[in-house]
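Below: the structure, in structure tokens.
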Amino acid sequence: MNWRLMALLIGSAVDLAVGDPHGFPHPVVLMGRLISALERGLRRIFPRTVRGENLAGGLLWLITAGLSFAVPFFLLRLCYDLTPWLGLAVESLMCWQILAARSLGTEAMKVHAALETGDLQASRQAVSMIVGRDTQRLDARGVARAAVETVAENTSDGVVAPMLFIALGGAPLGMFYKAVNTMDSMLGYVEPPYQNIGLVPAKMDDVMNFIPARLSALLMLAAGALLGMDVKNGWRIFRRDRLNHASPNSAQTEAVCAGLMGLRLAGDAWYHGALHQKPTIGDPTREIENGDIPRACRLLYVTAGLSLVLCAGLLLLF
């Protein structure tokens, strides 16, 4: 039996069914605590220079990524040695917690629900749970745009990329990817005090997402075709705007989403009290509206389904 394939299918099904229940133990919480503890400790050990903080960030990355792979690897090896069914149960649990399709869609729809009530403050609070930017300056359209952007970007980071890593190396490699992504989310900023210690985590996240981001864009185009969206425009905007971001990866799926939906995304945004001037993605064919959030979520789910089919095919072939 292909145990890795079974674990991926079960984990994906549970993710789509229940998402990420609040209060349930999650490995990302442990990763976050480890990253915070290492950051505090390594800042005390290494000199507060550019080189010293870069070295601290590199060591933090090695320790966190190494442990995130090694712990599930040896745990699963023990479980599978005892009985393959125990191994399957534990690996399925890990796969469920690595994937984030349902939770991403759920949180985005909370933003949609808040906007429907007309409560701008509640909308800002809801979108602040899924974006890294400052949200207090956003108007209703800015809130909707932020939600659509994060669904588009995290279709790759939260679904397609981890699914691909699971297909390549099982749950341990999926946990490794999750740690890489978490380090970038926590440390990968250009403002003090992160611009030096976060350099290695940010660059390694770029490396690990280079192929998955582009694969995600192609899968999203296919999903757009299944949903009857403007695939021709999606392909045009993808080719034109896929590099309109400081990261080489983040605009790949954003560009596809903007083109498929006829929207202009991205542009200037505030982070940690500082305005960042960023290029736009897509053309303003129409104004963004609250209904674009559920449209982006449908695009997310169909892309996730196509990704699962692709990864299952890879596991069956190899």
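Of the residues making up region 116-138, those that are closer than 15 Å to G273 by Cα, surrounded by 17 or more Cβ atoms within 10 Å (Cβ to Cβ) and not small (G, A, S) number 4.
Taken over region 10-38, the residue count meeting the criterion of being hydrophobic (A, V, I, L, M, F, W, C), assigned to a helix (DSSP H, G or I) and either in contact with a Pro (Cβ under 8 Å, 6 or more places away or on another chain) or open to solvent by 70 Å² or more (accessible area, probe 1.4 Å) (or both) is 4. Quick check, is R141 part of a helix (DSSP H, G or I), buried (at least 21 other Cβ atoms within 10 Å of the Cβ), of a type outside the set (A, V, I, L, M) and at pLDDT 90 or above? Judged against the criteria, R141 is not a match. Condition (residue is modelled with pLDDT under 95, closer than 24 Å to Q277 by Cβ and assigned to a loop (DSSP other than H, G, I, E, B)) applied to region 46-55: is it met by at least one residue? Checking region 46-55: not a single residue is modelled with pLDDT under 95, closer than 24 Å to Q277 by Cβ and assigned to a loop (DSSP other than H, G, I, E, B). Here V200, V190 are screened, and the one residue that is modelled with pLDDT of 95 or more and open to solvent by 40 Å² or more (accessible area, probe 1.4 Å) is V200.
Can you tell me which residues in region 244-282 are among the β-branched types (V, I, T) and surrounded by fewer than 18 Cβ atoms within 10 Å (Cβ to Cβ)?
Hit for region 244-282 is T280, nothing else.
The values are calculated or read from the model by the stated rules, or taken from the named source; none is laboratory data. Bear in mind the structure is a predicted one, so any value in this text is a computation, not a measurement. Positions of Cβ are generated from backbone atoms using ideal geometry, with glycine treated the same way; all protein chains shown enter the neighbour counts. The accessibility values were calculated without ligands, DNA or RNA, using every heavy atom of the protein model including side chains. Shrake-Rupley method; radii C 1.70, N 1.55, O 1.52, S 1.80 Å.
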